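Reading through the structure tokens given below for one structure.
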Amino acid sequence: MGKKGVVILGSVLVVLSFVLYKTIGYRPVTIAVMLATTALTGAPIIYRAVAALRYRIIGIDLLVSIAVVGALIIGEFWEAAAVTFLFMFGDYLESRTLEKSRSSIKNLMALSPETARIRLEGQERIVAPRELEQGMSVIIKPGERVAADGVVIEGAAYLDQSSITGESEPVYKKEGDEVFSGTLLASGYLVIKALKVGEESTFAKILHLVEEAQDAKAPTQKFIERFSKYYTPSIIVLALLAFLITRDLRMALTLLVIACPGALVISVPVSIVAAIGTSAKMGVLMKGGEVVEKLGKIQVAAFDKTGTLTRGKPTVTSVIGYGLDSAELLTIAAIGETYSEHPLGQAIIAEAKERNLLSAKLPQDVKHIPGKGLCFTLDGQDYHIGNRALLKEYSIESSHCEGDLLKEDYKHKTVVYVATGKRVVGLIVISDQVRDEAPEVIRKLRSLGVKRSVMLTGDNQATATAVSAYLNLDEFKGELLPADKVAEVKRLQSEYGHVALIGDGINDAPSLATADVGIAIGAAGNDVAMESSDVVLLGEKLSALIDALQISRLAVANMKQNIFLALAVAGVLLAGVLFGGLTLSIGMLVHELSVLLVILNAVRLMNYAKRPKDVII
Amino acid sequence: MKKISLQLETLSCPTCAAKIEVALKKSQGVIDPEVLFNSSRVKLSYDENLIDIEGVKKVIAKLGYGTLDVKEGL
């Protein structure tokens, strides 16, 4: 008979026992039914208690077993039947509700691709994802999940990446773009070259991290476990003492049941698993209970700049031509940068592409001048593209642009000069833009009571000043070396307490390790960042930081409610036994209800993912 | 020495997890058992000269818990 069968039969028997007890009273038939109930529902409990005892483990099962056997000895057949039934039924309901608290993680696992469509020698074939190998061509059609991390070699499509980043807006992917395993193709068609397959894929790594995280114990949990290790045996001693003093066996047995630490031991892990599961669904990985507890306590949010507060991708913000129009200028500059690997050159090419200004022409006689720029020839004319140092080196005339350069807007951005015939013919202004959501995130941090929002950057002081002023940060430090960042984190810790450092997770490993909580942003696909940080924001949205912070605080509050509830119920029951003549079965009922209540309270945490956006809880 | 991971039926109380862990620790040939409550899994290494997978499952079964699945060679 399965668990469910025992529950159903047990329920029928216990109801029958109750009816007989209330109608005809203790007759042989009543006692027989009660004994049958006890045997059916109590046997597994006693079996477990005895089995554990062989390993010298004293658990809750033993407390209940002693109580049941004691009740039978003193002829309390109804109490024995009710207690075993309630304990078994409670356990059944608890495992069902526990599954709910763990469902976010289970659902995430279910998103693992089950099949992969590959192209082999011109033929399409369906294989199991574990048969995939690096370098294979994988085809993805609408409604299918990407089965490996890879790069698009054919086609274009909209991908739903919410399984990885938690962000539900579809993302457009075309040739050359990266795609992640586990994402869903909404519309279009893609052929990718597999780069990371199976356990190596980002999605598999995320699952692994979440799985590890849900069982990484919080300090509070460790404390409770140590406590209950001694607590449970001491209850038996206490009950024995109570019996010896009062000679009231009924009371001593009741004491055993109500003192079960069931609700207390489950209070913390159930909140943690609900919090970790919910946040994972939103693209935030929190690595375990300790991280959840610490994140809720942070006083300082210290940000790296490039790629964290800013997008990390320099973009052209304006183009000014002198004697030629901006389109012409951009076309020429993009041709000149054709072979350039420099981020600023890439930004110029990207902008030209965006405005449909890419020309097929190639530059001639390209000469790179490191740290300054480059020279080239195009249609018989020689050009210079670069910074002020380049102008100086070639004695290029630039006085006619001073007016534009003085404009406030350009002060903290990078200006690229384009010159020909010893005269500047245009300016291309490039900046690494602050993320759109950054100001809002800083405001929310403040309203959540985080004392300081700080920026620690290796970038120059001028840029740091500008970004800090724009975001209204409490403090900033520019031109920091990695060692300086570590020192700054330590100083903030000593001045304000818990510090979270938010960075890209690659360049700031030492300071991430020094901070109380290291948070990496945009880390999907980046193994180093995923491994080195405590909290991983998989998506590119900085606002996930606010979600992480709120979930962790709710989880900590939830744990406290649970612990309080567990202790309060135990206290009330104890008073009931000592002063009110509380019966065994009522004691068990209330105890089981308290366990259920604790689990249901934790399940409440999962509503966070469903709340209206932008609400500070 | 071999490493395995066992998926158990849903563990409903952390003390059950602790119980299984202690029992495995006291079993000969089992090395560093770790019972994960939330994922209802057991991770351990074992010395194949002293115990086999069936033996490990038996220890857990004796305590009253079923094993659903075993993954080898982690």
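The values are calculated or read from the model by the stated rules, or taken from the named source; none is laboratory data. Not measured: the values here are computed from a predicted model. Because the Cβ atoms are built from the backbone with ideal geometry, glycine has one as well, and the counts that use them run over all protein chains shown.
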Restricting attention to the stretch A:506-529, and to residues there that are surrounded by 21 or more Cβ atoms within 10 Å (Cβ to Cβ) and in contact with a Lys or Arg (Cβ under 6 Å, 6 or more places away or on another chain), which single residue is modelled with the highest pLDDT? A:V517
Cβ-Cβ distance below 8 Å, separation of 6 or more or different chains: which pairs start in the stretch A:597-617 with a residue that is modelled with pLDDT of 90 or more and end on one that is among the acidic types (D, E)? A:I599/A:E94
Residues that are facing chain B (nearest Cβ under 7 Å) and touching a residue at least 24 places away in the same chain (Cβ under 8 Å), drawn from the stretch A:92-102: A:E94, A:L98, A:R102
Could you look through the stretch B:50-74, keep only residues that are within 14 Å of chain A (Cβ to nearest Cβ) and in a strand (DSSP E or B), and pick out the one that is nearest to A:K100 (Cα to Cα)? B:L68
Within the stretch B:40-49, can one find any residue that is free of Cβ contacts under 8 Å to residues at least 24 places away in the same chain and facing chain A (nearest Cβ under 9 Å)? no
If you check A:E167 against the conditions, is it away from chain B (no Cβ under 14 Å), over 27 Å from B:R41 (Cβ atoms) and surrounded by 15 or more Cβ atoms within 10 Å (Cβ to Cβ)? yes
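Looking at this structure, is A:A213 touching a strand residue (DSSP E or B) at 6+ places or on another chain (Cβ under 8 Å) and under 21 Å from B:V42 (Cβ atoms)? Spell out how you get there, then give the answer.
Values: touching a strand residue (DSSP E or B) at 6+ places or on another chain (Cβ under 8 Å): yes; under 21 Å from B:V42 (Cβ atoms): yes.
The answer is yes for A:A213.
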Enumeration of residues in the stretch A:44-68 that are of a type in the set (A, V, I, L, M, F, W, C), within 9 Å of chain B (Cβ to nearest Cβ) and outside any helix (DSSP H, G or I): A:I57
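Only one residue in A:R311, A:R226 is closer than 30 Å to A:K100 by Cα and of a type in the set (K, R), so which one is that?
On the way: A:R311 fails: closer than 30 Å to A:K100 by Cα.
Only one candidate qualifies: A:R226.
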Among B:A18, B:A23, B:A61, which is free of Cβ contacts under 8 Å to residues at least 40 places away in the same chain, out of contact with any Ser or Thr (no Cβ under 8 Å at 6 or more places or on another chain) and among the hydrophobic types (A, V, I, L, M, F, W, C)? B:A18
Qualifying residues in the stretch B:24-58 (those that are among the aliphatic types (A, V, I, L, M) and touching a Leu at 6+ places or on another chain (Cβ under 6 Å)) - the one nearest to A:I60 (Cα to Cα): B:V42
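Inside the stretch A:243-287, can you point out the residues that are in a helix (DSSP H, G or I), within 13 Å of another protein chain (Cβ to nearest Cβ) and not β-branched (V, I, T)? Let's see the steps before the verdict.
The first filter runs over the stretch A:243-287 and keeps only residues in a helix (DSSP H, G or I), leaving A:243-246, A:249-258, A:262-281.
Subsequent filtering for residues that are within 13 Å of another protein chain (Cβ to nearest Cβ) retains A:262-277, A:280.
Selection gives A:G262, A:A263, A:L264, A:S267, A:P269, A:S271, A:A274, A:A275, A:G277, A:A280.
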Would the stretch A:111-131 turn up any residue that is out of contact with any Ser or Thr (no Cβ under 9 Å at 6 or more places or on another chain), more than 29 Å from A:V270 (Cβ to Cβ), outside the structural domain of A:L185 (by TED's automatic domain parsing) and touching a residue at least 60 places away in the same chain (Cβ under 8 Å)? no
Qualifying residues in the stretch B:26-39 (those that are surrounded by 18 or more Cβ atoms within 10 Å (Cβ to Cβ) and among the aliphatic types (A, V, I, L, M)) - the one farthest from the other protein chains (Cβ to nearest Cβ): B:V30
